[in-house]
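Asker: Next up is a structure, given as structure tokens.
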Amino acid sequence: MKILVSTDTSCLVNNESLKKYDIKVFPLNVIIDGEEYLDGVTINQDQLKEAMRANKNIKTSTPPMGKVVEYFEDLFDEGYDQIIHFTISSKLSSMYSLFTTVSKNYFDGKIVVIDSYALSAVMLSQVLLAYEEVQKGTDVETICQMLEEKKSDNKVYFIPENLTALKNGGRISPAVAAVGNTIGLKPVLSLTDGELAKEGMTRHVKNAFVERYDEIIKNYPTDKYDYTLVHFDGKEAVLSSIENYLTSLIGDGKLVKGIVPINVCAHCGPGTIGIVCTPKINGKSLIELL
């Protein structure tokens, strides 16, 4: 049986993340002043940054069902018998519901849709694990069991530069955003059980991460976990400081550095910085697989 692993652009930490693998990637969208752009096809992080800094109207939406059906029809035409497709967390997006509906109604269950309960490097590590197991000949049911066991084995922190994008996306009230922006407060967000949760507020991004390093290192030791530093137009001085501190803890050449996926950028805004801890993939580090 010829099995394909497929995903969407919410898992990418750089534009080359999956290009050396036979893994297909469905581009998600961002809508700017009513015009749709596709991640990595007709828009990149720099272009989105410019649009958001210019206060243009930014939002995301689920793709038309017809485009999803066409995407999978083209893949099956290439000779694949079954597809394992990963979506961003169902608690952040309706992608899982859409792709599950397409699988059931159009492809008689030949597509196994995985709710990653994640995004960014966490989702990417799941995709690469599934790919490795497919290459070994592991059956789909066993792969799904392995993935289910790993869904909560990660840690994600994001700190946006301000509260404007979160307000525009309806995730916080205009009143809270106005007060927070006025006094320079930034939310410390974590991804817990597939859902964004606010863990506090801070004025200093590096200090907020430093306060959590001891807990992170203790619970996610570097011999078993990878660390990824991602950002969307983060300030160079802050990024450099965080990178140097993390490197002093985990060692040289072990830190993965990358971007925040565009569909996430659209909701958190430019200036966002995140740290992601993910389990090594069959003993291999994420940095050597990218």
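Asker: Enumerate the strands (runs of 3 or more DSSP E) found wholly within the stretch 1-67, keeping only those where 1 or more residues are without any contact (Cβ under 8 Å) to a residue 12 or more places away in the chain. Break it down into steps so the answer makes sense when it comes.
Answerer: On the way: elements: 3-8, 23-26, 29-32, 35-38.
Where strands (runs of 3 or more DSSP E) fall fully within the stretch 1-67 and carry at least 1 residues being without any contact (Cβ under 8 Å) to a residue 12 or more places away in the chain, they are 35-38.
Asker: Name the pairs whose Cβ atoms lie under 7 Å apart, with the first residue in the stretch 136-156 and over 18 Å from GLU195 (Cα atoms), the second open to solvent by 70 Å² or more (accessible area, probe 1.4 Å) and at pLDDT below 90, and 6 or more positions between them or separate chains?
Answerer: As it stands, the answer is none, since no pair meets every condition given.
Asker: On to the next question. Quick one: how many residues across the stretch 225-269 are small (Gly, Ala, Ser) and either surrounded by 15 or more Cβ atoms within 10 Å (Cβ to Cβ) or closer than 19 Å to VAL122 by Cβ (or both)?
Answerer: Residues of the stretch 225-269 small (Gly, Ala, Ser): 234, 237, 240-241, 248, 251, 253, 258, 266, 269.
Okay, now just the ones that are also either surrounded by 15 or more Cβ atoms within 10 Å (Cβ to Cβ) or closer than 19 Å to VAL122 by Cβ (or both), so 234, 241, 258, 266, 269.
Number satisfying all stated conditions: 5.
Asker: Which one is farthest from LYS49 (Cα to Cα) among residues in the stretch 246-289 that are among the polar types (S, T, N, Q) and more than 14 Å from the chain's Cα centre (by Cα)?
Answerer: Taking the stretch 246-289 and keeping what is among the polar types (S, T, N, Q), we get 247-248, 263, 272, 278, 282, 285.
Okay, now just the ones that are also more than 14 Å from the chain's Cα centre (by Cα), so 247-248, 282, 285.
Working: THR247: 27, SER248: 30, ASN282: 36, SER285: 30 Å.
Among those residues, the one meeting the criterion is ASN282.
Asker: Condition check: open to solvent by less than 30 Å² (accessible area, probe 1.4 Å), β-branched (Val, Ile, Thr) and in a helix (DSSP H, G or I). Does VAL102 satisfy that?
Answerer: Yes.
Asker: Identify the residue in the stretch 205-224 that is of a type in the set (Phe, Trp, Tyr) and in contact (Cβ under 8 Å) with a residue 60 or more places away in the chain and, among all such residues, is most open to solvent (accessible area, probe 1.4 Å).
Answerer: Only one residue fits best here, namely TYR220.
Asker: Another question, if that's okay. Among (1) farther than 27 Å from GLU132 by Cα; (2) assigned to a loop (DSSP other than H, G, I, E, B), where does SER93 come up short?
Answerer: Single failed check for SER93: (1).
Asker: A further question follows. Going through the stretch 235-262 one residue at a time, which ones are in contact (Cβ under 8 Å) with a residue 12 or more places away in the chain and acidic (Asp, Glu)?
Answerer: GLU243
Asker: Return the only residue of LEU189, LEU249, LEU229 being at pLDDT 90 or above, within 30 Å of GLY283 (Cα to Cα) and not β-branched (Val, Ile, Thr).
Answerer: LEU229
The values are calculated or read from the model by the stated rules, or taken from the named source; none is laboratory data. The structure displayed is predicted, hence computed values, not measured ones. Reconstructed Cβ throughout: ideal geometry from the backbone, glycine too, with neighbour counts over all protein chains shown. Calculation scope for accessible area: heavy atoms of the full protein, side chains included, ligands and nucleic acids excluded. Shrake-Rupley method; radii C 1.70, N 1.55, O 1.52, S 1.80 Å.
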